[in-house]
């Protein structure tokens, strides 16, 4: 089964509300992770502020941090390989990686204008 | 004293810094031990003066007090507990991950939440250890966990996918991940706390409107989570017999009685005790044994000779603030030290020298600003309601960003939004709209963000983006507020404190927190000083002389510049009284003002 690993920047709250502005991306992603788990997908999150060892022990993540810095997180590995960095994946991407099918109404959201941050 | 009757096993004293929680906890412990009980006294006081009070060195282990049979002490240092936790997390990756990454992690773990959870973790051990209750009849704590912490621990959402899976992905509870306690343990600790047969919680307050209001807020918060029955202890009430025709003492007496008479209704329903103001410092056993004795007259010592206090007044300090005729002035300090009053006095001083000044306050109780309305042509006023700002921010986040969350997720988001950081951020966001004016006039604020918040926001860059958006093309030559705050030409942070042990210590902590963010406080202001007010009643004179050591500590150890503001006989509202507050009766002269020169009432 595909294993998805999410390396989060240092967050004091998983919801990310400690910033000046709550990041919708983080709030949505927290919900998406719950959804994927409920579908039987295998996904793990690591918070830089709480589990830095997980970052140090993985050579891919460690060298990514050395090269691009913590500001380039999050980093998403799929089966140990780099799949995405700098933003959180959408539900559709998670579904694709994990081979889980999306309800048909949600497949439409794939791509489109909202693939970046806060453009809508 | 009602709060001493039919005591359960666990006693907590809660209240803001400087109200006398530790003294009351110590006095209660001694009293119970004197009555033959086996007592464990647990202190988290950062001033850690329990050891000093009993003349024993105690630390993070249970230490019997030889001087009081049956009494043992234990000191918990939440800062140290938090540091141990930080080291545990960060230690193994130091030198492995890039330095700036490690630094960012450390900052994330330097907030109030980490400290508080680390302290709660220590409490938990005591509340759930069966052996403790075999060895002791009473365990007394000089602090209590906040409603925020307890609520978090009660939320199922905070635990899902958390300790059960060993993944620290939850919220402010993060620190618990490293402390590896079981969820069951926390649950039984919260159960013990909420059971009135096992736990009694004393709300400690002073007879001051702001202090009573704070106690009422805590009471409301605790009631809302089912901790309904607390005891209210009003500490340090000046007795009428102690005023001895001292106009200043009489004014204090009347003010305190008025505050008690207009106490919030919810507090009135609680069992209430008053502990009278004592002349002595609460150090040593005889003093502690006297504290809880009602009408316990302490033999008066010899008349106190007060050293002549030579200290700059606020007006003198403002002379040095004038600089380029504009800039940001932020008053910082714990609640109840009088930041709003001092901010208003600074603003009045600057405005009466002809500078354009914008005074903005966040103190919801401040009628002060209104009393200045229209009084000086070049003084503008604005108010920011912290609760309203925070509520608006919370609502906005929940309605927009939380709309797709399930019930548990929503509950967790809501609780995250109740953290102290959120309020600070919401308020500062409101303030940052006003900060931009500091380029052309003086902006005086009665609050400032902590170093932790600044570092956190700066590290994420979120602040920078936010400010860039808010400032727009306004042409001000700074890039981030962090840089503006670090530049002592543009910004001056004034720390406000009282000449008492705990407030001075808390102020020193605020200062080191700011220094972590490379912000150097410009000056300290010691407010409400009795020593500066030259009281005549023996009790007030004794208390005035107790201040000297604290004032010395501020001037020699902490502050680069300072001013001392005497305790005012009259409520310092309105233009004239604020001007009076800023100037010592005869500047640069140390002679005692003639008796009766104050107008009481």
* Kindly indicate whether any position in segment B:62-75 is within 22 Å of the chain's Cα centre (by Cα) and either touching a residue at least 12 places away in the same chain (Cβ under 8 Å) or closer than 25 Å to residue B:149 by Cα (or both). => yes
* Check segment A:72-91 and report whether any residue there is closer than 20 Å to residue A:27 by Cβ and without any contact (Cβ under 8 Å) to a residue 12 or more places away in the chain. => yes
* Asked: Taking the stated definitions as given, is residue B:68 more than 13 Å from every other protein chain (Cβ to nearest Cβ) and touching a strand residue (DSSP E or B) at 6+ places or on another chain (Cβ under 6 Å)?
  -> no
* Consider residue B:19 carefully, then state whether it is in contact with a helix residue (DSSP H, G or I) (Cβ under 7 Å, 6 or more places away or on another chain) and free of Cβ contacts under 8 Å to residues at least 12 places away in the same chain. => no
* Under 8 Å by Cβ, and 6 or more places apart or on different chains, what pairs join a residue from segment B:129-154 that is without any contact (Cβ under 8 Å) to a residue 60 or more places away in the chain with one that is surrounded by fewer than 20 Cβ atoms within 10 Å (Cβ to Cβ)? -> B:153/B:187
* **Where residue B:59 falls short, out of the listed (1) within 24 Å of the chain's Cα centre (by Cα); (2) under 18 Å from residue B:233 (Cα atoms); (3) surrounded by fewer than 24 Cβ atoms within 10 Å (Cβ to Cβ)** => (2)
* Could you check residue B:39 against (1) closer than 22 Å to residue B:506 by Cβ; (2) touching a strand residue (DSSP E or B) at 6+ places or on another chain (Cβ under 9 Å); (3) buried (at least 21 other Cβ atoms within 10 Å of the Cβ) and say which number it fails? => (1)
* Asked: When the residues of segment B:94-106 are filtered to those that are surrounded by fewer than 22 Cβ atoms within 10 Å (Cβ to Cβ) and assigned to a helix (DSSP H, G or I), which remaining residue is nearest to the chain's Cα centre (by Cα)?
  -> B:106
* To do: Could you tell me which residue of segment B:518-568 is nearest to residue B:487 (Cα to Cα), considering only residues that are at pLDDT below 90 and assigned to a loop (DSSP other than H, G, I, E, B)?
  => B:518
* Residue check for residue B:412: within 14 Å of chain A (Cβ to nearest Cβ), modelled with pLDDT under 80, in a helix (DSSP H, G or I) and touching a helix residue (DSSP H, G or I) at 6+ places or on another chain (Cβ under 6 Å) -> yes
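Among the residues of segment B:392-400, is any more than 14 Å from chain A (Cβ to nearest Cβ) and closer than 24 Å to residue B:213 by Cα?
Looking only at segment B:392-400, we keep the residues that are more than 14 Å from chain A (Cβ to nearest Cβ), and these are none.
Among the residues of segment B:392-400, not one is more than 14 Å from chain A (Cβ to nearest Cβ) and closer than 24 Å to residue B:213 by Cα, which makes the answer no.
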* Asked: When the residues of segment B:415-453 are filtered to those that are in a loop (DSSP other than H, G, I, E, B) and more than 9 Å from chain A (Cβ to nearest Cβ), which remaining residue is surrounded by the most Cβ atoms within 10 Å (Cβ to Cβ)?
  -> B:446
* Structure fact -> Within segment B:379-391, residues more than 22 Å from the chain's Cα centre (by Cα) and either touching a residue at least 40 places away in the same chain (Cβ under 8 Å) or within 10 Å of another protein chain (Cβ to nearest Cβ) (or both) come out as B:382
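Within segment B:507-520, which residues are surrounded by fewer than 23 Cβ atoms within 10 Å (Cβ to Cβ) and over 15 Å from the mean Cα position of the chain (by Cα)?
Here is the first cut: in segment B:507-520, the residues surrounded by fewer than 23 Cβ atoms within 10 Å (Cβ to Cβ) are B:508-513, B:515-518, B:520.
B:512, B:515, B:516, B:517, B:518, B:520, listed by residue number.
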* **Residue in segment B:262-276 that is surrounded by 15 or more Cβ atoms within 10 Å (Cβ to Cβ), modelled with pLDDT under 95 and more than 21 Å from residue B:232 (Cβ to Cβ) present** => no
* Structure fact -> Of (1) out of contact with any strand residue (DSSP E or B) (no Cβ under 8 Å at 6 or more places or on another chain); (2) away from every other protein chain (no Cβ under 14 Å); (3) closer than 25 Å to residue B:127 by Cβ, residue B:52 fails just (3)
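Are any residues in segment A:68-88 crowded, with 20+ Cβ neighbours inside 10 Å and within 12 Å of chain B (Cβ to nearest Cβ), and if so, which ones? Give the steps one after another, and end with the answer.
Quick first cut of segment A:68-88, residues crowded, with 20+ Cβ neighbours inside 10 Å only: A:70, A:73-77, A:88.
The answer is A:70, A:73.
Just checking: which of the helices (runs of 4 or more DSSP H) contained wholly in segment B:107-154 hold 3 or more residues that are in contact with a helix residue (DSSP H, G or I) (Cβ under 9 Å, 6 or more places away or on another chain) and either within 19 Å of residue B:61 (Cβ to Cβ) or away from chain A (no Cβ under 14 Å) (or both)? Steps first, please.
Numbers: elements: B:112-128, B:130-135, B:147-154.
Per the criteria, B:112-128, B:147-154.
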* **Qualifying residue in segment B:236-256 (condition: in contact with a strand residue (DSSP E or B) (Cβ under 8 Å, 6 or more places away or on another chain), touching a residue at least 60 places away in the same chain (Cβ under 8 Å) and in a strand (DSSP E or B))** => yes
* To do: State which residue is nearest to residue B:107 (Cα to Cα) when the search covers only segment A:35-58 and only residues that are out of contact with any strand residue (DSSP E or B) (no Cβ under 7 Å at 6 or more places or on another chain) and within 7 Å of chain B (Cβ to nearest Cβ).
  => A:49
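The values are calculated or read from the model by the stated rules, or taken from the named source; none is laboratory data. Computed from a predicted model, the values in this text were never measured in an experiment. When we count neighbours, we look across all protein chains shown, and the Cβ atoms used for this are built from the backbone with ideal geometry, even at glycine.
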